[in-house]
Amino acid sequence: MTRLFKRLAIAAILVLPAAADASVWKINGVFSDGTALAGRFSFNVYGFLDTAHLTTQAQGVFTGATYAVPSDSASNTAFGLDVNQHDYTADLHLGFASDITTATGSVALLTSSYECRGSGNCYNASGGDVRYLVSGIATVPETATWVMLVAGLGFAGAALRYRRLTRA
């Protein structure tokens, strides 16, 4: 039984630092037209956007879009994220209430966040269409969540092993 706990401790030591560095944010939001924004994104160890897969739904003039990094261009600050589709026909600007490069738990999306289409990267405010977020949140699992996951898997493995030994 002590060998099992040693293995569990080693697994936790190996898994937890990697889990903390690879924080994947999940995002859910609602636009003013009632459609949804959903997806995920992550940062590298230097605080720059590493990957993203964000989707918006179709409504009216908006056909719905998928914003994927690294194929689409993107930039970020500690409080914002900007993703342009590769052909610059759609752009997604997200603002956050807290520093998303270091925060854990959940962070509210600002209502100044928006998606625009047909305005050449949204720089021409008079051209194209814009829809704003009315609510939204981004969440990332906290370190305690990873600890509970590893411990739960370890205890499940221990129970299966104990069961197998008692049958023999």
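The values are calculated or read from the model by the stated rules, or taken from the named source; none is laboratory data. For clarity, every value in this text was computed on a predicted model and none was experimentally measured. With ideal geometry, Cβ positions are generated from the backbone for all residues, glycine too; neighbour counts draw on all protein chains shown. SASA here: full protein model, heavy atoms, side chains in, ligands and nucleic acids out. Shrake-Rupley method; radii C 1.70, N 1.55, O 1.52, S 1.80 Å.
So the values come out like this:
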read-out	value
Out of F96, F79, F48, sole residue that is modelled with pLDDT of 90 or more, open to solvent by 10 Å² or more (accessible area, probe 1.4 Å) and over 14 Å from L37 (Cα atoms)	F79
Leading residue by the ranking (farthest from the chain's Cα centre (by Cα)) among those in the range 56-65 that are surrounded by 15 or more Cβ atoms within 10 Å (Cβ to Cβ) and not hydrophobic (A, V, I, L, M, F, W, C)	Q59
Pairs, first in a loop (DSSP other than H, G, I, E, B) in the range 77-103, second crowded, with 18+ Cβ neighbours inside 10 Å and not polar (S, T, N, Q), C-beta under 6 Å, six or more apart	F79/F96; Q85/D72; H86/D72; A97/V107; S98/V107; I100/V107; T101/F43
